[in-house]
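Asker: Have a look at this one before I ask anything.
The values are calculated or read from the model by the stated rules, or taken from the named source; none is laboratory data. Treat the numbers as computed from the prediction; the structure is a model and nothing was measured. Quick reminder, even Gly has a Cβ in these numbers, built from the backbone with ideal geometry, and neighbours come from all protein chains shown.
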Amino acid sequence: MTNKLAIIGGSGLYDVEEFKEREFLEIKTAWGNPSDKILKTKFDGKEVYFLPRHGRGHFISPSNINFKANIDALKQLGVTDIVSVSAVGSLKESLPPGKFVIIDQFIDRTFARNKTFFEDEIVAHVSMAHPTSNGLMNACEVAIKKSGINYQRGGIYVVMEGPQFSTLAESNLYRGWKADVIGMTNMPEAKLAREAEIRYASVSMVTDYDCWHPDHENVDVQKVIKVLLDNAAKAKEMIKNLIDNYEKYIDPNDPTNNCLDVAIITAPEKRTKETINKLKHIAGRVLLK
């Protein structure tokens with residue numbers, strides 16, 4: 001299989017100008033349209049895709065992102081690996097604005113989103129015990145180090161609904177859970193990537209201390225934007241380094257690679273052609289045998 005990398009950019013990261021060879025693709029899916037046109041490029045001889053999850057110009061609220069269309073569209077393009085780059089708030093003193101965190105766990109607190117491709121007739125239960133790819137995390141760490149970015153390897157990301165920021169009580173609750181950062185977008189994105197058998201890694205860029213910190217009681221969007229711009233510049237450098245090295249770290253035994261082999265529970269005679277066709281990009285490997 002040819003490995004193909006996609007970057008999903010979060011708040012502040014809507015383009016990578018260093019990608020000079022540019023083709024914008026409009027991909028249709030059974031789930032509707034993705035957040036925006038997908039940028040196809042070649043960088044250092046490697047085919048790479050870039051998708052801004054909020055759209056260029058940031059016009060899609062976290063709860064309104066069409067996560068299923070985003071993942072399906074990337075799967076149609078043959079993407080095997082996704083690195084999510086997201087803006088987050090910090091829940092720890094040791095994670096100041098400007099620091100990056102390579103996420104390895106999530107706590108999903110969202111409630112207004114459809115979180116599975118397997119919603120009609122065909123039921124599948126994929127494991128999310130280890131939601132991110134160790135090989136991709138290794139590649140991200142090497143790229144971050146090469147870029148000279150201050151970072152932490154490993155961390156728990158609390159995913160909240162939004163678009164409002166946390167109350168003080170909520171922020172303190174999540175700190176009591178020993179979570180590291182809080183954001184609004186990596187769920188159900190990580191779950192859907194797993195269902196699509198796409199390896200996934202998440203790099204969080206800290207913009208603020210949420211509201212728990214006594215010196216930062218109010219999260220100010222204007223202050224956040226300033227940090228966002230600084231972070232985006234660092235993220236672009238990381239992405240260039242990542243493209244150069246990520247294939248070296250791909251694990252042929254990554255559990256994502258064939259997780260659907262043991263996930264689909266619905267009896268074959270209950271699977272209609274219509275539903276199989278809807279899932280052909282996501283699960284065709286197992287449904288169309």
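Asker: Against the definition (of a type outside the set (Val, Ile, Thr) and touching a helix residue (DSSP H, G or I) at 6+ places or on another chain (Cβ under 8 Å)), how does TYR209 come out, yes or no?
Answerer: For TYR209, the condition - of a type outside the set (Val, Ile, Thr) and touching a helix residue (DSSP H, G or I) at 6+ places or on another chain (Cβ under 8 Å) - is not met.
Asker: In this structure, does ALA169 turn out to be at pLDDT 95 or above, loosely packed, with under 15 Cβ neighbours inside 10 Å and over 18 Å from PRO52 (Cβ atoms)?
Answerer: In short, yes.
Asker: Here's something else I'd like to know. Six or more apart or on different chains, Cβ atoms under 8 Å: show the pairs whose first residue is in the range 234-247 and touching a residue at least 12 places away in the same chain (Cβ under 8 Å) and within 14 Å of GLY135 (Cα to Cα) and whose second is part of a helix (DSSP H, G or I) and small (Gly, Ala, Ser).
Answerer: Cβ pairs passing all conditions: LEU242/ALA139; LEU242/ALA143; ASN245/ALA139; ASN245/ALA143; TYR246/ALA139; TYR246/ALA143.
Asker: How many residues does the range 10-27 hold that are touching a residue at least 40 places away in the same chain (Cβ under 8 Å) and not hydroxyl-bearing (Ser, Thr, Tyr)?
Answerer: Counting residues in the range 10-27 that are touching a residue at least 40 places away in the same chain (Cβ under 8 Å) and not hydroxyl-bearing (Ser, Thr, Tyr) gives 9.
Asker: Still on this structure: Among the residues of the range 48-68 satisfying the criterion of being basic (Lys, Arg) and surrounded by 20 or more Cβ atoms within 10 Å (Cβ to Cβ), which is farthest from SER35 (Cα to Cα)?
Answerer: Per the criteria, the residue is LYS68.
Asker: Filter the range 3-46 down to residues that are of a type in the set (Gly, Ala, Ser) and farther than 26 Å from MET205 by Cα and give me whichever is surrounded by the fewest Cβ atoms within 10 Å (Cβ to Cβ).
Answerer: The selected residue is GLY45.
Asker: With (1) in contact (Cβ under 8 Å) with a residue 12 or more places away in the chain; (2) out of contact with any Asp or Glu (no Cβ under 6 Å at 6 or more places or on another chain); (3) not in a loop (DSSP other than H, G, I, E, B) as the list, and GLU170 as the residue in question, which single condition is left unmet?
Answerer: All conditions are met except number (1).
Asker: OK, next. Just to be sure I understand, how many residues within the range 151-167 are within 15 Å of the chain's Cα centre (by Cα), in a loop (DSSP other than H, G, I, E, B) and closer than 15 Å to GLU189 by Cα?
Answerer: 1
Asker: What's the total number of residues in the range 87-104 that are buried (at least 18 other Cβ atoms within 10 Å of the Cβ) and under 19 Å from CYS211 (Cβ atoms)?
Answerer: 10
Asker: Another one. Could you tell me which residue of the range 194-222 is surrounded by the most Cβ atoms within 10 Å (Cβ to Cβ), considering only residues that are at pLDDT below 75 and either over 14 Å from GLU93 (Cα atoms) or touching a Gly at 6+ places or on another chain (Cβ under 9 Å) (or both)?
Answerer: The qualifying residue surrounded by the most Cβ atoms within 10 Å (Cβ to Cβ) is VAL219.
Asker: Select from the range 59-91 the residues that are assigned to a loop (DSSP other than H, G, I, E, B) and in contact with a Phe, Trp or Tyr (Cβ under 7 Å, 6 or more places away or on another chain) and write down the one among them that is farthest from THR185 (Cα to Cα).
Answerer: By that ranking, first place goes to LEU77.
Asker: Right, here's the next one. Yes or no: the range 62-75 includes at least one residue that is in contact (Cβ under 8 Å) with a residue 40 or more places away in the chain, aromatic (Phe, Trp, Tyr) and closer than 24 Å to CYS211 by Cα.
Answerer: No, the range 62-75 contains no residue that is in contact (Cβ under 8 Å) with a residue 40 or more places away in the chain, aromatic (Phe, Trp, Tyr) and closer than 24 Å to CYS211 by Cα.
Asker: Which one of ILE71, ILE107 is surrounded by fewer than 24 Cβ atoms within 10 Å (Cβ to Cβ) and either touching a helix residue (DSSP H, G or I) at 6+ places or on another chain (Cβ under 7 Å) or among the β-branched types (Val, Ile, Thr) (or both)?
Answerer: ILE107
Asker: Moving to a separate point now. Which ones in the range 33-42 are assigned to a strand (DSSP E or B) and under 19 Å from the mean Cα position of the chain (by Cα)?
Answerer: ILE38, LEU39, LYS40
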